[in-house]
Amino acid sequence: MSDERQEGLSGLTLRSMLVGILVVVAVSIAAPYSYSVLKSSKFASDYLPPGVIIPFIIIVILNALLKRIKPCWALRPAELIISLIMGLVASTICTLGLTSYLIAIIAAPYYFASPENRWAEYIHEHIPDWITLSRGNPAIQWFWEGLPQGEKIPWGAWAIPLFWWLSFIGVLFFICLCMVVILRKQWVEKERLVFPLTDVPMEMVKESSSKSLLPAFMHGKVFWIGFAIPLFIALWNIVGYFTPLFPTIPLRSTVNIARAFPVIYVYIFFPLIGFAYLINLDVSFSVWFFYLLGVLQVGIYNRFGFSIGKPDVYCSLAPSMGWQGFGALILMVFWVLWIARAHLKDVFKKAFNRNHPVDDSGELLSYRTAVFGLILGTLYLVSWLSKSGMSSKVIALFLPAAFVVFIGVTRIVVEGGLVFLRGPLTATTFSVFSLGSSAISVPSMTSLAFTYIWAADIKTFFMAAAAHAVKLGEMVRIKKRALLTAICIAVVVAVAVSVWYSIWVGYHHGAYNFNIWPFGQGALYPFQNVVSKMSNPFGPDCDRLKFLGIGALVMAGLTFMRYRFIWWPIHPIGFPIASVLFIQLSAFSIFLAWAAKSIILRLGGVLLYRNARPLFLGMIVGWFLGVGISFIVDMIWFAGQGHQIYGW
């Protein structure tokens with residue numbers, strides 16, 4: 001086949017699509033099986049998870065074998081990246097991305113109701129019939145306790161709520177895709193954000209100049225040293241699974257710096273060290289620097305006895321820091337849109353005037369489709385939320401807050417390369433405390449409880465995956481329409497398989513027996529939270545709103561210094577997320593990567609930095625291989641009593 005013909009291929013060929021679908025199915029089943037049944041590592045709990053990278057490594061190595069056997073059978077780099085993108089999209093849907101919370105929460109409000117929690121008194125009559133499984137249906141009890149012998153899974157009981165929820169989620173995903181299309185040129189071409197998480201897969205598909213079966217970056221001792229260290233530790237600790245007396249190598253500890261100060265987590269997480277090495281130094285410095293400042297701030301507050309109340313779940317553990325961070329996140333999103341104002345003006349002009357000279361032929365969607373898709377999709381969400389009981393004033397505050405989290409977290413991930421992240425507050429918490437629970441109707445509070453399905457524990461949300469998919473596709477020159485097709489196929493297959501498997505495994509094992517967060521406290525908390533706030537009403541929380549304003553002002557100052565003075569050393573990106581739980585757990589590993597990179601650049605400059613890259617890429621691959629081996633060991637010998645070595 002000629003080079004011109006090869007270049008003409010879009011990357012979405014029949015074989016790449018089939019491989020991608022296999023990856024999607026594998027991720028959609030292996031991730032919930034590992035987490036729910038096996039109790040092993042979380043395969044889909046971050047923005048570049050092992051459930052995606054491990055299959056990709058296998059595919060790359062098998063593809064190298066095909067090159068030896070019959071070169072024409074081997075997948076090209078664009079085809080390999082298509083399979084990765086489809087797996088990446090699938091990882092945002094299964095387990096903690098969406099499916100586990102969706103299935104658990106819509107099955108929870110009637111089953112777990114009791115006289116003590118007073119759910120029946122407060123919320124049952126305000127739950128629309130179409131939003132959850134109907135009251136009194138045995139399908140609910142069977143799901144949580146297991147299917148009685150001789151009974152079949154009552155799929156029909158799930159049909160109506162799943163139809164409406166999946167319509168909502170589908171439109172939400174489309175809106176996120178539209179926002180990625182609208183912002184892509186600004187982020188990729190004008191601001192030239194680095195997208196650090198794309199480095200690892202791109203290194204893996206680079207053509208080797210030798211006859212080796214392995215990718216080019218795996219050549220040389222440096223990679224294998226980095227590969228061997230985490231793999232040795234993982235294998236050593238796996239031996240301890242079989243005998244408790246065997247000494248394991250600890251990778252997690254805490255340090256108390258003073259009385260009443262939060263503990264500092266000393267976690268050595270090899271994949272995170274590897275990813276953080278690829279981050280710009282000012283970004284990695286910002287993350288751990290603001291984390292330490294947050295520890296000092298909360299410690300001083302504790303010593304003086306200052307508090308603004310208890311935290312909500314999925315928010316920062318210190319409410320003052322959470323609200324401060326959310327104010328900073330709002331300011332950051334405002335600034336991101338402000339500096340893109342010229343581009344956004346062109347986008348909207350093109351949407352309303354086809355003859356406007358801006359070229360959108362290289363985008364996933366035309367600007368007209370993206371803009372009108374964003375507008376019409378948002379109107380559908382507003383209508384859906386209104387029908388579910390949410391009042392107009394709550395929607396007017398809640399939905400923009402949710403979009404702030406989506407855009408803000410996506411921006412931080414694509415610029416900072418952080419694999420574990422969520423917002424400092426949920427849009428639900430922000431709305432309730434800003435308005436006051438006494439000013440929110442009971443139907444609105446009930447509707448807000450169900451928003452925990454899609455707007456709370458956002459660690460792998462679709463918008464970040466879509467942004468990385470677009471960047472990866474551009475790097476290997478995949479045609480945009482082919483990329484869009486691959487993303488759509490991945491979404492449909494992942495939703496179908498993960499929803500089917502989550503329901504099937506719930507009925508066969510009894511979902512309550514999983515003993516994991518989404519099917520335990522994660523299913524109870526949304527309703528406990530709103531009932532608690534309704535039974536103890538309060539007005540707008542001025543203390544929290546003050547910290548919101550302080551956070552926005554500090555972020556404005558940091559942003560001004562960053563863009564006004566070249567010598568200013570502190571990137572503002574770490575400030576909004578300083579108190580997020582996953583940053584607290586990640587900060588030490590990010591510090592290690594920052595320190596190593598700083599020393600390497602000081603000693604040998606850019607050349608030594610590039611020569612050392614394989615060492616840190618080896619850490620990622622080595623630990624992920626250890627995760628895969630641990631999963632196999634758990635599957636054979638420790639079913640139901642597995643060992644989580646990846647994920648928090």
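The values are calculated or read from the model by the stated rules, or taken from the named source; none is laboratory data. This one's a predicted model, so the numbers in the text were calculated from it and none came from an experiment. In this analysis, Cβ positions are derived from the backbone assuming ideal geometry, glycine residues included, and neighbour counts consider all displayed protein chains.
Counting the residues of the range 205-228 that are touching a helix residue (DSSP H, G or I) at 6+ places or on another chain (Cβ under 7 Å) and either modelled with pLDDT of 90 or more or of a type in the set (Phe, Trp, Tyr) (or both) gives 8. The residues in the range 625-642 that are within 20 Å of Ser586 (Cα to Cα) and at pLDDT below 95 can be counted, and the count is 0. The condition (being assigned to a helix (DSSP H, G or I), more than 20 Å from Arg411 (Cβ to Cβ), of a type outside the set (S, T, N, Q) and touching a helix residue (DSSP H, G or I) at 6+ places or on another chain (Cβ under 7 Å)) is satisfied by just one residue among Phe326, Phe372: Phe372. Of the residues making up the range 446-458, those that are surrounded by 24 or more Cβ atoms within 10 Å (Cβ to Cβ) and either over 23 Å from Ser431 (Cα atoms) or in contact with a Leu (Cβ under 7 Å, 6 or more places away or on another chain) (or both) number 1.
Per the listing Val394, Val347, Val382, the residue uniquely modelled with pLDDT of 95 or more and under 25 Å from the mean Cα position of the chain (by Cα) is Val382.
Here the condition is being in a loop (DSSP other than H, G, I, E, B) and touching a residue at least 12 places away in the same chain (Cβ under 8 Å); of Ile487, Ile577, Ile566, it holds for Ile577 alone.
Among the residues here, Phe173 qualifies as touching a residue at least 60 places away in the same chain (Cβ under 8 Å), closer than 28 Å to Ile279 by Cα, surrounded by 17 or more Cβ atoms within 10 Å (Cβ to Cβ) and of a type in the set (Phe, Trp, Tyr). Here Leu581 meets each of (1) at pLDDT below 95; (2) farther than 30 Å from Ile458 by Cα; (3) of a type in the set (A, V, I, L, M) with one exception, condition (2).
Scanning the range 137-170 for residues that are free of Cβ contacts under 8 Å to residues at least 40 places away in the same chain and in contact with a Gly (Cβ under 9 Å, 6 or more places away or on another chain) yields a single hit, Ala139. Selection of first residues in the range 180-199 that are on the phi < 0 side of the Ramachandran plot and of second residues that are buried (at least 17 other Cβ atoms within 10 Å of the Cβ) and acidic (Asp, Glu), restricted to Cβ pairs under 8 Å at least 6 apart or on distinct chains, gives the following pairs, ordered by first then second residue: Val181/Glu363; Arg184/Glu363; Lys185/Glu363; Val188/Glu474; Leu193/Glu415; Val194/Glu415.
Whether any residue in the range 327-342 is under 30 Å from Thr369 (Cα atoms), free of Cβ contacts under 8 Å to residues at least 60 places away in the same chain and of a type in the set (Gly, Ala, Ser) is what I want to check. Yes - at least one qualifying residue is present in the range 327-342.
Scanning the range 278-313 for residues that are over 18 Å from Gln584 (Cβ atoms), touching a residue at least 60 places away in the same chain (Cβ under 8 Å), part of a loop (DSSP other than H, G, I, E, B) and among the hydrophobic types (A, V, I, L, M, F, W, C) turns up Leu278, Ile308.
Does Phe560 qualify as being in contact with a helix residue (DSSP H, G or I) (Cβ under 8 Å, 6 or more places away or on another chain), in a helix (DSSP H, G or I) and at pLDDT 95 or above? No, not satisfied. Residue under question is Val382, and the condition is that it be crowded, with 18+ Cβ neighbours inside 10 Å, in contact with a helix residue (DSSP H, G or I) (Cβ under 6 Å, 6 or more places away or on another chain) and either without any contact (Cβ under 8 Å) to a residue 40 or more places away in the chain or closer than 24 Å to Leu484 by Cα (or both); does it hold? When the stated conditions are applied, Val382 does not pass them. Annotation: Ser316 fulfils all but one of (1) outside any helix (DSSP H, G or I); (2) free of Cβ contacts under 8 Å to residues at least 12 places away in the same chain; (3) of a type in the set (S, T, N, Q); the unmet one is (2). Taking the stated definitions as given, is Arg481 farther than 25 Å from Leu365 by Cα, among the charged types (D, E, K, R), surrounded by fewer than 24 Cβ atoms within 10 Å (Cβ to Cβ) and modelled with pLDDT under 95? Taking the combined requirement at face value, the residue does not satisfy it.
Scanning the range 306-335 for residues that are surrounded by fewer than 20 Cβ atoms within 10 Å (Cβ to Cβ) and touching a Leu at 6+ places or on another chain (Cβ under 8 Å), which turns out farthest from Ile577 (Cα to Cα)? Applying the filter and picking the extreme gives Pro311. Residue pairs whose Cβ atoms lie under 6 Å apart, separated by 6 or more positions or on different chains, with the first residue in the range 597-622 and among the small types (Gly, Ala, Ser) and the second part of a helix (DSSP H, G or I), are Ala612/Ile600; Gly618/Phe223; Gly618/Gly226; Gly618/Phe227; Gly622/Phe227; Gly622/Pro230; Gly622/Leu231.
On inspection, Ile339 does not qualify as more than 17 Å from Gln186 (Cβ to Cβ) and within 30 Å of the chain's Cα centre (by Cα). Selection of first residues in the range 418-436 that are closer than 14 Å to Tyr47 by Cβ and of second residues that are assigned to a loop (DSSP other than H, G, I, E, B), restricted to Cβ pairs under 6 Å at least 6 apart or on distinct chains, gives the following pairs, ordered by first then second residue: Val419/Asp46; Val419/Tyr47; Val419/Leu48; Phe420/Asp46; Arg422/Ile458; Arg422/Lys459. Of all positions in the range 390-409, at least one carries a residue that is touching a residue at least 24 places away in the same chain (Cβ under 8 Å), surrounded by 23 or more Cβ atoms within 10 Å (Cβ to Cβ) and not in a helix (DSSP H, G or I). Within the range 67-83, the set of residues being surrounded by 14 or more Cβ atoms within 10 Å (Cβ to Cβ), part of a helix (DSSP H, G or I) and either touching a Phe, Trp or Tyr at 6+ places or on another chain (Cβ under 8 Å) or not small (Gly, Ala, Ser) (or both) comprises Lys67, Pro77, Glu79, Leu80, Ile81, Ile82, Ser83. Of all residues in the range 507-550, those that are within 23 Å of the chain's Cα centre (by Cα), assigned to a helix (DSSP H, G or I) and surrounded by fewer than 16 Cβ atoms within 10 Å (Cβ to Cβ) total 1. Are any of the residues in the range 237-248 surrounded by 14 or more Cβ atoms within 10 Å (Cβ to Cβ), within 30 Å of the chain's Cα centre (by Cα) and of a type in the set (S, T, N, Q)? Yes: one or more hits.
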